[in-house]
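Everything on this sheet refers to the single structure shown next.
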2 protein chains.
Amino acid sequence: MLSPTGGTPRTPTRVLVVDDEPQIVRALVINLKARKYEVDAAADGRSALDLAASRHPDVVVLDLGLPDMDGVEVIRGLRGWTRVPILVLSARHSSDEKVEALDAGADDYVTKPFGMDELLARLRAAVRRAEPTGGGEDDVTVETDAFTVDLVAKKVHRAGRDVRLTPTEWHLLEVLVRNTGRLVSQKQLLQEVWGPSYGTETNYLRVYMAQLRRKLEADPSHPRHFVTEPGMGYRFEK
Amino acid sequence: MLSPTGGTPRTPTRVLVVDDEPQIVRALVINLKARKYEVDAAADGRSALDLAASRHPDVVVLDLGLPDMDGVEVIRGLRGWTRVPILVLSARHSSDEKVEALDAGADDYVTKPFGMDELLARLRAAVRRAEPTGGGEDDVTVETDAFTVDLVAKKVHRAGRDVRLTPTEWHLLEVLVRNTGRLVSQKQLLQEVWGPSYGTETNYLRVYMAQLRRKLEADPSHPRHFVTEPGMGYRFEK
DNA sequence: CCGACGCGTCAGGGTTGCGTCAAGGACGTC
DNA sequence: GACGTCCTTGACGCAACCCTGACGCGTCGG
C-alpha cells in the first residue's frame, strides 16, 4: 500500500512533525515521505502552533519534551481552534503524563523508543478516523444545465422533479459521472456494471445508454452530456 | 470529574467490554460503572458482534485473544457496518499484531498488563473524538406533513396522538430518519437493525417497512415518505 | 455502388423483487 | 399457567426490471 489513505489517490495527507531531537525528526520525515505523505517539521512549540495554523495539517505528531513550552500547552493551543488528530510522542512512561496529555485533547500516546511500523499504523488509524469530517464533503453533486446528480443520496433531479433510475441505470451513470470529462471504454463500463465476464456485450450499453439519455437529456436523440465516441466508449460531459 | 463525557450530562456513554478472562471483565466493569458508564460484556467474538448490533455501544473495548474467533475478525465484523471506536486490549506486544489490528480498523491498542488510569484516559479520548458524528446532531425532531419524529425522546406523534412503535420498528425508522433524503441500501438497513450477519434477509425489510407505512403514512399503499427504490434500498423523505 | 460494421430504437418475455397476509413461536407479564 | 406482544417465516399475486432479438440508419472501406 503506497498511498497513506489506502483508498483512491486524493490530495496527499499532510503531517506536522514536532520534535526537538533532529535525528527523530529526520527518521520520521524520511519514513513519511517514502509513504507519500507531505511533511512539515517544527522543533519547538511556538513554530509548531504557527505551522499548524498556516499549513492546516491532517495529523500532528507531537513530542512532549519541547524546549520552549510544555507539550500539553501545545495540545491546548491546538485544541482551541482545531480538531486535527494529535499523536503524542514522549519519553515519559508515567501514567499521569499520559492521562494529562490525553485529557488535554491528544488522540494517542506513544512512548519512546517507538517502533516505526507501529507509529505509522497509529498514524493511519488517526487519519482514517478523521476522514469523513475532516476531508470529505458530504454532498458530492454534479450539476449540468439539464439535471443534477447527487452521488451520496443517490438522487437525480431534473426540471424540479426526482428522476427514477433502475439499479443498472444508476450504476452506469455513477461510473460515467465519476469519470466526468474522461472517456470510459465500453469494456470498462461493461465490466464495472455487469461484471468481469461481460466485457463484450456491447448491446447492453446501447440499450441502457439510450434509457439514460431518454430520462436525462433535454433532446435524447441529440445527446449533449452522454457522448458516444464511436468504436471506443462513452463520455460524460457537464 | 464524574461524568465520562466531561461536559453536560447527556445520555450515559455505553461501553461494550469483550474479554474471556472474568477477572479482567470484572475489573473493567466495576471501574466503568463507578464512572457512570453503561456497560455490556461479552466473553467471545460471536456474542460481541451480536451485542454490538443490538445495543449500539458508543465504544468497544476488545481483547484480541478470544476463544471462538480471531480478534481481528471481530474488528472486521464491526467495521463492516459501524464506525464505533474500538480500543484493543492484548497480551501480545509484537509490532505486527498491533499494525494488523490498527489497520483492520481499531482505534487504539493497549498491551496487558495495563494501567487502569491510562486505559480510561484512552477511552475518554476515543469517545470524545467520536462525539460530533455520534451524538452532536442538530435536528432532534423531524417533521413531515403527516407525522413528527423526536429522535431524543424516541417518540412519534401523528394526528395529535402518540404512535406506538415496537423496538424493531423504531430502530428501522431511526436509521432512515438519520439519513433523511439519502438512499439507504437494503444491506445497510439490515445490518444496522438486525446485525452484521443479516445482510441478505430482505423479507424482514418488506414486513417492517409495511408496518411503518401502515402506522405513519396517510395512504400506506401509496407511500410518500418511505420510498422504495427497487433493487437498491429505501429512502425517507420529508 | 454496395456491403460491412457500429450505433440507436423498439417491443416482447422470462425472471426477479416487492407488498401483503397469516400463522407459528419466543418472550415477558400478570 | 394463561395471556398478549413482538419477531420470524412462508406463500402468493403483481409489477418492474433485465435480457434478447429485430430493424433502420449512418459511416466507412472495398
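For region B:75-112, a residue qualifies if it is in a loop (DSSP other than H, G, I, E, B) and aromatic (Phe, Trp, Tyr), and exactly one does: B:Trp81.
Scan region A:112-129 and give yes if some residue there is farther than 26 Å from B:Ser94 by Cα and surrounded by 15 or more Cβ atoms within 10 Å (Cβ to Cβ), otherwise no. Within region A:112-129, none of the residues are farther than 26 Å from B:Ser94 by Cα and surrounded by 15 or more Cβ atoms within 10 Å (Cβ to Cβ).
Looking across region A:191-209, the residues that are closer than 19 Å to A:Asn179 by Cα and either surrounded by 14 or more Cβ atoms within 10 Å (Cβ to Cβ) or touching a Phe, Trp or Tyr at 6+ places or on another chain (Cβ under 6 Å) (or both) come down to A:Gln191, A:Glu192, A:Val193, A:Trp194, A:Gly199, A:Leu205, A:Tyr208, A:Met209. Criterion applied to A:Val152, A:Val207 was being at pLDDT 95 or above and either part of a loop (DSSP other than H, G, I, E, B) or within 12 Å of DNA strand C (Cβ to nearest atom) (or both), and the one residue passing it is A:Val207.
Selection over region A:214-224 of residues that are touching an Asp or Glu at 6+ places or on another chain (Cβ under 9 Å) and away from DNA strand D (no atom under 12 Å from the Cβ) gives a count of 3. Just one of the listed residues (B:Lys215, B:Lys238) is touching a residue at least 40 places away in the same chain (Cβ under 8 Å), over 28 Å from B:Arg14 (Cβ atoms) and either away from DNA strand C (no atom under 16 Å from the Cβ) or assigned to a helix (DSSP H, G or I) (or both), and it is B:Lys238. Filtered by the rule that a residue be within 25 Å of the chain's Cα centre (by Cα), away from chain A (no Cβ under 14 Å) and among the charged types (D, E, K, R), region B:185-214 gives B:Glu192, B:Glu201, B:Arg206, B:Arg213. Quickly run through region A:136-155 and pick out the residues that are closer than 23 Å to A:Val207 by Cβ, touching a strand residue (DSSP E or B) at 6+ places or on another chain (Cβ under 8 Å) and more than 11 Å from chain B (Cβ to nearest Cβ). Within region A:136-155, A:Ala146, A:Phe147, A:Val149 qualify.
If the condition is being surrounded by 19 or more Cβ atoms within 10 Å (Cβ to Cβ) and over 15 Å from A:Gln188 (Cα atoms), then region A:224-238 contributes A:His225, A:Phe226. Scanning region B:174-183 for residues that are within 16 Å of DNA strand C (Cβ to nearest atom) and out of contact with any helix residue (DSSP H, G or I) (no Cβ under 6 Å at 6 or more places or on another chain) gives B:Leu176, B:Leu183. Taking the residues in region B:1-31 that are in contact with a Ser or Thr (Cβ under 7 Å, 6 or more places away or on another chain) and among the polar types (S, T, N, Q) as candidates, determine which candidate is modelled with the highest pLDDT. Taking the candidates together, the pick is B:Thr13. Of all the listed residues (A:Leu176, A:Leu66, A:Leu78), the sole one being closer than 22 Å to A:Ala210 by Cβ and either surrounded by 15 or more Cβ atoms within 10 Å (Cβ to Cβ) or touching a strand residue (DSSP E or B) at 6+ places or on another chain (Cβ under 7 Å) (or both) is A:Leu176. Residues in region B:136-166 that are in contact with a helix residue (DSSP H, G or I) (Cβ under 9 Å, 6 or more places away or on another chain), hydroxyl-bearing (Ser, Thr, Tyr) and away from DNA strand D (no atom under 16 Å from the Cβ): B:Thr144 only. When A:Leu102 is tested against the conditions (1) surrounded by 15 or more Cβ atoms within 10 Å (Cβ to Cβ); (2) of a type in the set (A, V, I, L, M); (3) closer than 19 Å to B:His93 by Cβ, the lone failure is (3). The residues of region B:198-238 that are under 24 Å from B:Ala53 (Cα atoms) and among the aliphatic types (A, V, I, L, M), listed by number, are B:Leu205, B:Val207, B:Met209, B:Ala210, B:Leu212, B:Met232.
Listed here are the residues, each with its yes/no results for (1) away from DNA strand D (no atom under 13 Å from the Cβ); (2) acidic (Asp, Glu); (3) in contact (Cβ under 8 Å) with a residue 60 or more places away in the chain.
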site: B:Thr168; (1), (2), (3): no, no, no
site: B:Val175; (1), (2), (3): yes, no, no
site: B:Gly195; (1), (2), (3): no, no, yes
site: B:Phe226; (1), (2), (3): yes, no, no
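Scanning region A:80-102 for residues that are more than 10 Å from every other protein chain (Cβ to nearest Cβ) and either within 28 Å of the chain's Cα centre (by Cα) or in contact (Cβ under 8 Å) with a residue 40 or more places away in the chain (or both) yields A:Gly80, A:Trp81, A:Thr82, A:Val84, A:Leu87, A:Val88, A:Leu89.
The values are calculated or read from the model by the stated rules, or taken from the named source; none is laboratory data. Just so it is clear, the model here is predicted, and its values are computed rather than measured. Reconstructed Cβ throughout: ideal geometry from the backbone, glycine too, with neighbour counts over all protein chains shown.
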